[in-house]
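Notes follow once the structure below has been shown.
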Amino acid sequence: MDAKAPESQDDAAKAGGRKGLVLIFTGAGKGKTTAALGSGFRAAGNGMRVLMLQFIKGSWHYGELDAAAALGDHFVIRQMGRGFIKVGGAATDPVDLQLIREAWAEAKRAMSSGEWDMVILDEILYAISYGLLDAPEVAQALAERPPLLHVILTGRNAHPVLVELADTVTEMGERKHAYQRGIQAQLGIEY
């Protein structure tokens, strides 16, 4: 009996057992972005195209930018923000709100474009928990993505609707951090 050729990306995923996953790296501990980067570097090492959109980062130069650049067009990082966002008592700067909206529009475009095998939405969970993005809207876009696309979301306070939708959720827990002893952010560790 001849095997029928898959007619769609969905059929191809079922035939090969391959499925795009949604992963969440959340929690109060360090390592959420680092875990996403590790997954992205692994994917790029397997010939996959990876896009990381950093929703808040943008004002500092991080070492991962140079590491990703060394991989050429297999791993692209786009910093979409300005750095820190004021929340909790202070009004969010309208510029930061606009940048979050632009980052989300870029994320939706990237997820539906077919250009990428993995899209990392770094710090998107902060934007959601700060009330700058709507969790159900993000969940809908994730549900409508191409069936082979992997998407990783990072940040604290993962919204329950996204946790329910995700295939894998890892919560980073902090037991101890050098900052608590007055040690400032270190090159190669925090940036």
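The numbers here are math on the coordinates, done by the rules we state, and not lab data. In this text, all values refer to a predicted model and were calculated from it rather than measured experimentally. Don't worry about glycine lacking a Cβ; one is built from the backbone with ideal geometry, like all the others, and counts go over all protein chains shown.
So the values come out like this:
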read-out: Region 115-170, dipole about Cα centre (Lys/Arg Cβ +1, Asp/Glu Cβ -1), debye to the nearest 20; value: 160
read-out: Fluctuation leader among Thr26, Thr154, Thr34 - the chain, Gaussian network, Cα springs under 10 angstrom; value: Thr34
read-out: Hits among aspartates and glutamates - C-alpha to C-alpha of Lys19 under 19 Å, sequence gap 8 or more where chains match; value: Glu7, Asp10, Asp11, Glu115, Asp117, Glu144, Glu164, Asp167
read-out: Efficiency of FRET between Ala178 and Lys19 - r from beta-carbon atoms, R0 45 angstrom, step 0.05; value: 0.70
read-out: Fewest-first ranking of Met48, Met118, using other Cβ atoms within 10 Å as the exposure measure; value: Met48, Met118
read-out: Extension reserve of the Glu164-Ala69 stretch, reckoned as 0.36 nm per residue once the Cα distance is removed; value: 30.8 nm
read-out: Order of Glu144, Glu123 - criterion: other Cβ atoms within 10 Å of each residue's Cβ, fewest first; value: Glu144, Glu123
read-out: Links that overshoot a 19 Å alpha carbon limit, given the list Lys57/Lys176; Lys30/Lys57; Lys32/Lys108; value: Lys57/Lys176; Lys32/Lys108
read-out: Cβ-based exposure ranking for Leu121, Leu132, Leu148, in which fewest neighbours within 10 Å come first; value: Leu148, Leu132, Leu121
read-out: Surface/4 of the Cα convex hull for the chain, nm²; value: 12.7
